[in-house]
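The values are calculated or read from the model by the stated rules, or taken from the named source; none is laboratory data. Quantities reported herein were computed from a predicted structural model and do not represent experimental measurements. Ideal geometry is used to build each Cβ from the backbone, glycine not excepted, and the neighbour counts take in all protein chains shown.
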């Protein structure tokens, strides 16, 4: 009887899982407009689609918090009059892949009413266009958005727009000049050895990028990644000026300059405090071990004295 009850319970759970599963199951009606992650379709169990995906944007250089319209068009593919959907994504992998993961906010999707990152058409016949309006991240930086297309009963076919769209979010970029964005950002407090990274975007090939600190050249790189290790102990605690200037093959130059605050004194104080704590702990351990040794010798002497009598 117990065996039958267990089998009945397992069967009921399996049936419920099939009935309640909301994403990418074999459903001729599709899954409907919703929020979806990249991994909701397992590429190991899908056929690569022959569709052609294009992505465009109203601007690739929005200001922080500015509005951007992204359009994704799908053409060709297996036009079998089954549902076809497109996801707008911040990355093509991982667990958190929606645009919000990198600071984007969807203010409207293709419907013009809802704010989902996945939209679909119920019957694809060879061409479909999807459109999202987003608010750009509030933190300046270089960001990408991607698209994933799925269609066919049970999401049989899958295709990704692998190159994505690259956005430079920051102050207005001078036309025709390289755009440079430095990490750490201005105002950051630093100590010890840090890595200064420069993201550089330009219409033409970058010839070189030069790092200067307080007006002194600290490094020159001719290819990406533009990253330099800097020993901040060389500088007096306080503000330092970090500049990265990039030049492209057209002879145009662009730069960013940030102010960082060196604070190695706090690092030294923490280290001294840690050493003092460790030293005090070591002394205590030595004292305890010494006491234990004395007790052991005393007990041994007592034991030997007892045997002698």
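With a cut-off of at least 3 residues that are over 13 Å from residue 38 (Cβ atoms), name the strands (runs of 3 or more DSSP E) lying wholly within region 66-155.
Working: elements: 67-76, 84-89, 105-108, 118-121, 127-135, 141-151.
In region 66-155, the matching strands (runs of 3 or more DSSP E) lie at 67-76, 105-108, 118-121, 127-135, 141-151.
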For this session: Give region 224-242 a look and list any residue that's more than 14 Å from residue 183 (Cβ to Cβ) and either touching a helix residue (DSSP H, G or I) at 6+ places or on another chain (Cβ under 6 Å) or buried (at least 17 other Cβ atoms within 10 Å of the Cβ) (or both), or say none.
Result: 232, 233, 237, 240
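For every residue, the table says whether it meets (1) farther than 20 Å from residue 31 by Cα; (2) within 26 Å of the chain's Cα centre (by Cα).
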residue	(1), (2)
47	no, no
52	yes, no
63	yes, yes
86	no, yes
106	no, yes
112	no, no
116	no, yes
137	yes, yes
Exercise. Quick one: is residue 168 in contact with a helix residue (DSSP H, G or I) (Cβ under 9 Å, 6 or more places away or on another chain) and modelled with pLDDT under 90?
Worked result: no
Exercise. Hey, does region 155-169 have a residue that's at positive phi and surrounded by 13 or more Cβ atoms within 10 Å (Cβ to Cβ)?
Worked result: yes
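Got a sec? Which of 205, 247 is at pLDDT 80 or above, surrounded by 11 or more Cβ atoms within 10 Å (Cβ to Cβ) and assigned by TED's automatic domain parsing to the domain that holds residue 187? Break it down into steps so the answer makes sense when it comes.
Working: 205 fails: surrounded by 11 or more Cβ atoms within 10 Å (Cβ to Cβ).
That would be 247, the only listed residue that is at pLDDT 80 or above, surrounded by 11 or more Cβ atoms within 10 Å (Cβ to Cβ) and assigned by TED's automatic domain parsing to the domain that holds residue 187.
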